[in-house]
Every structure is written in C-alpha cells, then in structure tokens.
1. Arranged by the count of other C-beta atoms within 10 angstrom, fewest first, what order do 386, 349, 215 take?
2. Return the Rg/Rh ratio of the chain with Cα-based radii and a Kirkwood Rh.
3. For the range 269-282, take each phi angle, set θ = phi - 60°, evaluate the Karplus expression 6.51 cos²θ - 1.76 cosθ + 1.60, and give the result in whole Hz per residue in order, putting x for glycine and proline.
4. Which value, in Å³ per residue, describes the convex hull spanned by the Cα atoms of the range 153-267?
5. What residue among 461, 182, 112 has its Cα farthest toward the positive end of the dipole of the chain, where the charges are +1 on Lys, Arg and -1 on Asp, Glu, each on the Cβ?
6. With a 10 Å Cβ neighbour count serving as the proxy for reagent exposure, in which order, fewest first, do 203, 58 appear?
7. Take the eigenvalues of the Cα gyration tensor for the range 270-390, scale each by 5, and report the square roots as semi-axes in whole Å, largest first.
8. Under 5 Å between amide H atoms, partner at least 5 residues away or on a different chain: which partners does residue 190 have, H built in plane at 1.01 Å?
Amino acid sequence: MAKTVRDESTASAYWAAVNTFCSLENVHVVADAPVGCYNLVGVAVMDYTDAVPYLENLTPTSLTEMEIASSGSSAVVQETLDKLGECGKQIILISSAESEMIGSDHQSLLEMRYPEVKFFPSNSLGENEWQGRDRALAWLFDRFDDGRPAHVEPGTVSIIGPTYGCFNSPSDLAEVKRLITGAGARLKRVFPFESRVEEISELKNSELIVVMYREFGRELAEKIGRPVLYAPFGLEESAAFILSIGDITGNRPQAERFLADEKRTTLKPLWDLWRGPQSEWFPTIRFGVAASKSYARGLEQFLSVEMGMQCLFSHDSAETDNSAVRDEIMQKQPQFLFGRMPDKIYLAETESRTRFIPAGFPGPIVRRALGTPFMGHSGAVWLIQEIVNALYDILFNFLPITRRQAAPSTPMPSVSWTPEANAALEEIVKKAPFISQISFGRELKQKAEALASQLGKETVTPELLRKLS
C-alpha cells in the first residue's frame, strides 16, 4: 500500500536550480515551464518574505497544455529566447517537471541557434531541493571555470552555499563573515550570493572553503580540493572554527586574540544570563526541533549539549515523516518548538501551549535583519536571549491579576479527587514551564472542579481531566 507523505518539507530540484542560479548577479534564468505555476510565485510577489523571494531575473516560457500534449516545447523556448535577445546576462535554460515529462531536451537547439545559452536539466521529478542545489552548484563551476591551474592565495577564505530560499541566510552569513575576518583571514568569494559568473573560477584560488550548510555544498567543495569547514553553531564549534581558520591560513595568533576578545565582548550577555537567576531555568526547559539538517543538528548541540536544556526530539525535516513529527509534538508537548509553518499548524491542531520559534522553511517569515543569527557566537547570544524573554513572558501570563468579579450567588459544592486524578494532574503540570507550574496547577485544578460541579459530579476523575486537555 502506497504511503501518503504529509506536508512535504522540501521543494523540488527545479526550485533548487532557480534559487541557486538567480542568486548570481549577472544570470538570467529561463524556465521551460507554465507561466502561472512558475512565474507568479517567482516574480509577482514582492519582497515581503524570504519564503517567496522576488526574482526579477526569472522568465518562464509560457508552456501550455498544447505543448505538453502534442507539439513539445521547442517553439516556446525559441520565442522566449528571441524576446530576451541580448540582455547583458548569462542565460541559463532549465527544465521543469512538465517539460521533463514530455522529454524536452534543448541541448541541440541551443548549440545550433543560441550557443551562449546553457541548458541545465533540473531533474525536478527525481531529486529534492538539497540534492538539486548540490548538483547546480557543481554544474556552475564545471561550466564557468576558466580552466586555468589554481593559484592559491594564502590567507583567503570563500563561502559556498548562501542562496535564495535558505532560512535566515542574511543574518547567519553576516555572522560567519564576521568570524572569518576576525580570525585574521581575508574573505575572497561568497558563492553564489555576492558573485558573478566570471568570478566562479576564483573559488579554486581560495586557501580554505567554508560550506554554509550541511544539506548541500560539500560536492563543490570537494571538487575544488581545498580544506573544508562548516559554518558553526554554539560555543564549542565557533571557538574551534575560529582557531581552525587561524591554523589553516597562518593566522593563529590573531585567531587566539579574536577568540579571547569574543569572550569579553560578544559573549558577555551569555555569561550574564548563565550566572543570573535565569540559569536555574535552563535544565528545566524541554524543546524540540524540526528544521533542515544544519539547524536541527546545531540547535540540539548548542541548547542541549552546551546549555543543558532537554532536547525531546531533533528532526532533519528533509528525512522525517511529518505525521511522526505531529504525533511527537502532541505526545511530548515541548515548551519550545523550533520549526516550520507545518509544525506551527500541528501546535494549533493540538491546542498546545508550546512556544513556537521559526527555524526553517516553508513559512511566511521575514529574516532579512542581520541581528538575528542562529550560527556563531552572536547566534548563541540571540537564541538564549529569545528563550529567556519567552520564559519571562510565560511567567507574566501566569501571574495572579486582580479582577473584579461578582461573587457567585451560591457557594460551589465541595469536590473530591481520586488518587488517579491527582497523579494525572501532577503529570500534566510537569509539562508546563517550570517557572509557571504552581500557577498552572492551581488554575487547572480550579477548572476541573468547576467542570465537575457543572456536570453534577462530586469527584474529579482522570476522564474528567482529559476533557480539559
């Protein structure tokens, strides 16, 4: 029996190609695709969210039912390319699921009529978003490398990975660049963001490559053949990252000075929170993660291993059954959930009191400010700040607030509790944030006794408690 996948987490390799190629400053992408499904998402929505970036360098071929059913797409491809003419950019033609289903292959056409145009088969039906990005990045290097031998420039570092559709990319990229230059290295290229086609060859002249995400980029880094580091999360990884950059680029003394300065400056708010009364909350915090591999792994490593919080689950959203994620959220009730829009929907479906923090796409979330990183030292401080602020907010919501209430006309009858109901109440209260458990338990007990009286019962049972959940 075929299995239905609920809420597919990643886009297809077609969107991987679009988000990769359109990130290059002087590339124009022509998509052999229907205009509505592909153009409107890419260009008709203005830049109000990272989830749907504004792609001014994307043009579909207006593929229709007629081309799909009978004539093929060569004619509409030619028409689109002729209209674009000399646009001053490198044109890349990519296939979509529709053109792949009818077997469109425009390599011969381009070689004869448009030799400057490159064709990239996106394999939309066969690969997911991360596989597609990996192949697209390697393909760009293969097609646009100048063919000259590498001339490694000492002390230089290039970053591979930042593309459209990557969660929190601007802020995390700014933090990674800050760590690289602070460690004494010189930033050579950020690819594909901040790069042009003719600059792709410069990647091989870097002394060190930093791969921004664990989901993709490693294939190209290995092709270039330089030492590779991944962008870090938390304290230990960030310290090792800084010192490794210093070792590889011959700047160890500068890296050590920078790390010592980081502990006195950037990380000072973290030490203040750790030494303050808030530190007593950290071991009581239970959290879950459903995000792409980099963020799922990084959040678990920092918050659980380093800060001592309780990680109930951490899932790579590209490899996880979303129905299982929904069940786990419902059963374990984390106090914090770092996730995507599907996970926020699951919380709403189960009426959970979990505090949701966006940590991945899909989702209508804007992450363009440079002050909200997850990576590096700045990311560690920002994450703990967000958690502590949320805990204060939770505490506020449970503070007793004086309300003017009319006294009940008749006193509420006395209601007893069975031992099983008391045990069930204790288990429910344990799932509430530690700082609010007393208030939460008192409120829940009052609601249960009021419901029992309303139903004409003299005893609270576990079955009655379940009606409140």
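Every number here is computed from the coordinates shown, using simple stated rules; none is lab data. This is a predicted model, so every value here is computed, not measured. Positions of Cβ are backbone-derived with ideal geometry, glycine not excepted, and every protein chain shown enters the neighbour counts.
1. 349, 386, 215
2. Over the Cα atoms of the chain, Rg/Rh equals 1.07.
3. The phi angles translate into x, 5, 4, 4, 5, 5, 7, x, x, 5, 4, 5, 7, 3 Hz.
4. On the way: hull volume 10.7 nm³, N = 115.
Cα convex hull per residue, to the nearest whole number: 93 Å³.
5. So the residue furthest toward the plus end is 461.
6. Working: 203 25, 58 22.
Neighbour counts put them in this order, fewest first: 58, 203.
7. Details: eigenvalues 102, 56, 34 Å².
Equivalent-ellipsoid dimensions as semi-axes: 23, 17, 13 Å.
8. 159
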